[in-house]
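This report refers to the structure that appears directly beneath it.
What follows is calculated from the coordinates using simple rules that are stated; it is not laboratory data. Bear in mind the structure is a predicted one, so any value in this text is a computation, not a measurement. Positions of Cβ are generated from backbone atoms using ideal geometry, with glycine treated the same way; all protein chains shown enter the neighbour counts.
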Amino acid sequence: MSTVVSEYDVKKDERNRVTLKNLAFDYYHAKVFDDGHIEFYPQVLTDASISVRTLAMMDSAMANIGRRKTGQALNPRDVLDITGDEDDQA
């Protein structure tokens, strides 16, 4: 069971915001219930732009390069032929 470490009154402002004091985390997940009570749960955010799976694949690719286990060189003109994008040719 959790222990109450702080208790104070808050008032919402004109934009329906409240200020909470001395929080341990930067981000919280809020749940608002139909009876009016609100629960906040601390959130630890990670960089969602690169997944753990993608990072593992990148590590594997770099290890393969180190072992000289690579595919054939890529010709950029072949990529243009596949995509049909000829506007970017210089």
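Quick check on my filter: what residues within region 73-82 are of a type in the set (A, V, I, L, M, F, W, C), more than 32 Å from the chain's Cα centre (by Cα) and surrounded by fewer than 10 Cβ atoms within 10 Å (Cβ to Cβ)?
Matches in region 73-82: Ala73, Ile82.
Please list, ordered by first then second residue, the pairs with beta carbon atoms under 6 Å, 6 or more apart or interchain, first in region 1-21 and under 15 Å from His37 (Cα atoms), second not in a loop (DSSP other than H, G, I, E, B) and not charged (D, E, K, R).
none
Can you tell me how many residues in region 35-56 are more than 21 Å from Phe25 (Cα to Cα) and surrounded by 10 or more Cβ atoms within 10 Å (Cβ to Cβ)?
5
May I ask you to list the residues in region 25-72 that are β-branched (Val, Ile, Thr) and either part of a loop (DSSP other than H, G, I, E, B) or over 18 Å from the mean Cα position of the chain (by Cα) (or both)?
Val32, Ile38, Val44, Thr46, Ile50, Ile65, Thr70, listed by residue number.
Restricting to region 31-63, count the residues that are hydrophobic (A, V, I, L, M, F, W, C) and in contact (Cβ under 8 Å) with a residue 12 or more places away in the chain.
Going through region 31-63 one residue at a time, the tally reaches 3.
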